[in-house]
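Here's the structure, in structure tokens; my notes come after.
The values are calculated or read from the model by the stated rules, or taken from the named source; none is laboratory data. Predicted, not measured: the structure shown is a model, and the values here were computed from it. Here the Cβ is made from the backbone with ideal geometry for all residues, glycine too, and neighbour counts use every protein chain on show. To get the accessible areas, we keep the full protein, side chains included, count just its heavy atoms, and leave off ligands, DNA and RNA. Shrake-Rupley method; radii C 1.70, N 1.55, O 1.52, S 1.80 Å.
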Amino acid sequence: MGVSDAVTKKYLQDNEVFSDVFNYRLFNGKPVIRPENLSEMDPSEILVLPGKKQKGKRKRIPVKTLYRDLMRDTIIRRDQNAVYRLRLGTELQTHVHYAMPVRNQLYDAIEYYNQMEETALRHRTERSSTGSDSSAFLSGFRKDDRLIPVFTLTIHFGPEPWDGPLSLHDRMEVKDPEILKYIQNYRIHLIEPARLSRAELEKFQSSFREVMGCIKYSEDEKALEEFMKDNPRMNMDIRAARVIGMMTGTEIGYEEEKEGKINMCKAIEDMMRHSQEKGHAEGKEEERQKILDSQARLVKAGRMQAVDVAESLGVSVETVLAAAAKN
């Protein structure tokens, strides 16, 4: 696991943030999922792979362990009569994953299979003690058995737009709609800062709003200032600040205040300074490149020596000759 992955995972382990992102996606920001009702689950998924028996050797069943980033179990109440149980999984991406629909579908399928196996085991145990319900013993499931819904949410923390597939059909070689209508199409549920509007950002109730907003506007000083101008929260959780710093390349000062918070204004100042310094550096590099191209044309025309240009600009002779060749 990379450093950026560890930072985002630690941030989402906060149940307040975890419930907030799922409330946004499932319930349009309404606080239906409560942090206190979340129970941590083992994020590992066991995949049994098909294998061939080698001659003269005992057959081994190959097993591969896959790991979700986070998995929670919760109970929600929609009204006085409706109470539901859900299993919520997250995949946290700092870069675009171009096979995400396949990956998430596999995680969900294994989770449903595990539920089926657990139910079948319970029925077999009950039958051994009661001697009843042979059909359940054979099939594993009884007529009234039900599965707990599994919902996987992909969160992209990168500032660039997600240009990967959003469904299995997006990755299919076949594009014929007459064929695709018979192919099951698994879709991913995605949150990404680049496509969150100001109105959508307001639906988040935790620091996730500031995290997504700061990443979204990290290259636009004016938009960032406008986003934070009327923000009622002036302190930010240290873990949230670390995610912002990691994803924007900003050295945010982590001077801790009460309860592990840092001042929001200080964090934004650091981001703005970083943006200004980056813009200044890019401007200098652009100007330097213009000078190199101009003098490289003189080298090509035989009016200057490559070694003299290289020395004055602090680059190699090979760089000057390459620029001359392009010009």
So, R0 is 35 Å and r is the distance between the beta-carbons of M41 and K181; what FRET efficiency does that work out to, to 0.05?
0.50
In what order, largest first, do S316, S19, S207 sit by accessible area if the probe radius is 1.4 Å?
S316, S207, S19
What is the sum of charges around Y186, taking Lys and Arg as +1, Asp and Glu as -1, for the other residues whose C-beta is under 13 Å from the C-beta of Y186?
+1
Cβ-Cβ FRET estimate between L298 and E219, R0 fixed at 45 Å, reported to 0.05:
0.80
Of the cross-linked pairs K9/K261; K30/K229; K30/K64; K203/K261; K10/K261; K9/K30, which ones have a Cα-Cα span greater than 27 Å in the structure shown?
K30/K64
Using Cα pairs closer than 8 Å and at least 6 residues apart in sequence, work out the relative contact order for segment 141-244, in percent.
26 percent
Could you rank the peptides 77-88, 210-221 by their average count of other C-beta atoms within 10 Å per residue, with the highest value first?
210-221, 77-88
Taking the simple approach of a point 7 Å from Cα along Cα-to-Cβ for both L121 and A325, what is their distance in nm?
6.4 nm
